[in-house]
Each structure stands twice: as C-alpha cells, then as structure tokens.
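What follows is one structure encoded as structure tokens, with my remarks underneath.
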Amino acid sequence: TYRKPRILDQLSRIEADVVCLQEVQVDLWEEFRDDMRDKLDYGQVVLQTMGRNHPVANAILVKKDCRLRVVRTESRSRVLIAVLQSQIVEDEESENLAPIPPLYLANVHLEAGIDEDHVRLAQIRSLCKRLTRHVDGEDHPAIVFCGDFNTIRESPLYTFLQTGAYTLSDDDDYIHTEIHSPLLPLRDAYLELQGSDDDQQMMSFRSGHLLDYLW
C-alpha cells in the first residue's frame with residue numbers, strides 16, 4: 001500500500017516504452033499487472049516464472065502504442081529473457097523496408113553478497129549461452145542487459161561484460177583460465193551518458209556504489 005502508488009507515479013512520469021523491474025512482489029502481482037494495463041497502458045506485462053518459495057521476481061512491461069512486441073520469453077535463474085520484434089508501420093513505402101531484426105532483452109537480478117562474484121559470473125555465463133541459442137548466428141544482434149547486477153565497476157564481472165574476457169585465478173595452483181563469450185563485450189550505457197543531459201544514473205546502494213546497469 002505504501003510503495004505501489006509511488007511506483008505507479010514514477011513509471012507514469014518516465015513514460016518508457018519498455019520497463020524492466022526487479023524484486024516484484026509475486027503475491028501482489030495480479031493487482032499490480034492490472035494497474036499497469038489499465039492505468040499506464042502497458043499492453044504486454046510479463047512476470048518471470050519462478051519456482052516455489054520465491055517471493056520476488058523480474059518483470060517486463062511494454063507500452064500498447066510501442067512498435068515493439070514480445071514474441072518470446074524465457075525464465076532462467078535470476079534472469080528474464082525476452083525477444084522483442086519491431087512492428088513496421090504500414091505506409092506507402094513499406095514494401096521497400098527491410099525486416100527489422102529483433103531486440104534481445106535480458107532483465108537480470110544477480111546473486112547478492114560481497115563474496116559471490118563466482119555465482120554472478122555463472123549466472124551471466126548461463127545467460128550468454130541461452131542468448132546465443134536465441135540469436136542463432138545472427139550478425140551483430142541487438143542485445144540489452146539491464147537490472148540489478150549487484151556488482152561494482154571495479155569488479156572482474158564488470159570487466160567481463162565490458163571486455164568479453166574473464167580471468168579466473170586459483171591462488172593455490174596459480175592456474176589462470178580465460179573465459180570468453182561471443183555475445184560480449186557490451187557497452188555500459190550509463191558510463192557513456194555520464195555528464196550529458198540524458199544521464200539518469202543513480203547510486204543504488206547506501207554506500208554510494210552503483211549496482212544497477214544498462215548494457
């Protein structure tokens with residue numbers, strides 16, 4: 001009763017075509033979903049399918065008048081994957097337009113904890129493997145990762161997303177293993193917008209760290 005009106009107000013002011021939410025309260029989902037549709041005109045509202053005893057999940061909202069439409073979704077551990085297809089507006093020149101490739105969207109909420117970088121790495125690697133199957137060899141696919149990564153910019157996981165390479169080291173045996181993903185690297189949108197009029201970056205932890213990203 002306290003949070004929901006404020007969430008609705010915030011989303012109403014943002015007026016985004018596509019919204020990705022994390023930590024959506026599952027037991028209150030149906031009422032929240034109906035408000036998204038009736039009050040804010042989000043025509044497609046998808047909640048991540050979770051197993052038992054998961055009180056929160058990720059959700060993706062798409063405006064009714066947006067050209068994007070969700071054509072496929074997949075729920076993974078800590079990730080909601082959606083494939084969005086652009087609907088071309090019919091006009092006199094439409095027959096000359098090439099098909100617009102889909103947008104591959106991953107709404108994530110990775111494991112929390114200071115010493116859980118190896119778990120977050122496994123979750124991102126799993127996401128990349130699943131997306132590779134969706135992309136199926138497509139050249140230069142349009143990919144967006146967003147949400148709560150529970151990761152600071154100085155972490156190895158951030159470097160993995162930014163460079164596409166991750167070095168695992170075993171201090172006892174001095175073994176170094178290189179991990180690569182064909183879908184990476186990605187670009188940190190907030191970092192590129194820093195200092196511009198479109199910079200909407202907000203610190204997402206009480207210590208002042210940024211943990212949420214748009215890649």
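Here Arg67 clears all of (1) closer than 24 Å to Ile143 by Cβ; (2) open to solvent by less than 80 Å² (accessible area, probe 1.4 Å) except the condition numbered (2). Residues considered: Val26, Val46. Of these, the only one that is farther than 21 Å from Arg133 by Cβ, touching a strand residue (DSSP E or B) at 6+ places or on another chain (Cβ under 8 Å), of a type in the set (A, V, I, L, M) and surrounded by 14 or more Cβ atoms within 10 Å (Cβ to Cβ) is Val26.
The values are calculated or read from the model by the stated rules, or taken from the named source; none is laboratory data. Remember, predicted model here, so these are calculated numbers, not experimental data. We place every Cβ from the backbone using ideal geometry, glycine too, and count neighbours over all the protein chains shown. Please note that ligands, DNA and RNA were not included when accessible areas were found on the heavy atoms of the full protein model with its side chains. Shrake-Rupley method; radii C 1.70, N 1.55, O 1.52, S 1.80 Å.
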